[in-house]
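Working notes, structure below.
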Amino acid sequence: MGEAPTGAPPDGDAQGELSLRSLERKILLSAALILGGIAAGWAAGAARFGMLPGAACGAAVAYGNFFLLRKILEKAFSGGGTMRKGFVVQYVLKFLGLIGVVYLVVRYGGFDVLGFLLGLSALILGILLEALAHSFR
């Protein structure tokens, strides 16, 4: 009762529904690819070492943003198809928090801004990787 049918993936359905947990893993993978690319660029002399901490911070912000979004969505739709009332408030607060964190990091963080933006792009790259993986299923 309430269990997934046999043969269904644990974090998606049998019809190939996009999984938020799978997307979360793709964001982490894309963050690793970005950091590895910057490290390889630094080793080849094409990137500055100072970009790495900024990219790591940006990737952490991107992952944290998606993690919170996933938690909010799971709670919002856990009522059996009806959306809970606090969803909009939580979403707006998360969005304002994201704006505040990005402002504080760019203004006072002392990180390389290009590296930070590359790290933030881990979210977009993760979504593209998940869409690409989903298209081959």
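Which of the listed residues, VAL101, LEU129, LEU69, is farthest toward the dipole's positive end in segment 20-135, when Lys, Arg count +1 and Asp, Glu count -1 at the beta-carbon?
LEU69
Would you order LYS71, LYS26, LYS85, LYS94 from fewest to most other beta-carbon atoms within 10 Å of each residue's own beta-carbon?
LYS85, LYS71, LYS94, LYS26
Just from the alpha-carbon atoms, what are the Rg and Dmax of segment 20-135 in angstroms?
Considering segment 20-135 through its Cα atoms, Rg and Dmax are 16.1, 54 Å.
Dipole size in debye (nearest 20) for segment 20-135 around its Cα centre, Lys and Arg Cβ +1, Asp and Glu Cβ -1?
About 400 debye.
Lysines within cross-link reach of LYS26: Cα-Cα under 27 Å, excluding same-chain residues under 8 positions apart?
Those lysines meeting the cut-off are LYS71, LYS75, LYS94.
Place the peptides 35-43, 49-57 in order of packing, highest mean first, counting for every residue the other Cβ atoms within 10 Å and averaging per peptide.
The most tightly packed comes first, giving 49-57, 35-43.
Counting only the backbone N, which residues of segment 100-137 are under 18 Å from the spot 7 Å out from the Cα of ALA43 toward its beta-carbon?
none
Any read-out appearing in this document is the output of simple, stated calculations on the displayed coordinates, not a laboratory observation. Just so it is clear, the structure is predicted and the values come from calculations on it, not from any experiment. Every residue, glycine as well, gets a Cβ built from its backbone with ideal geometry; the counts of neighbours run over all protein chains shown.
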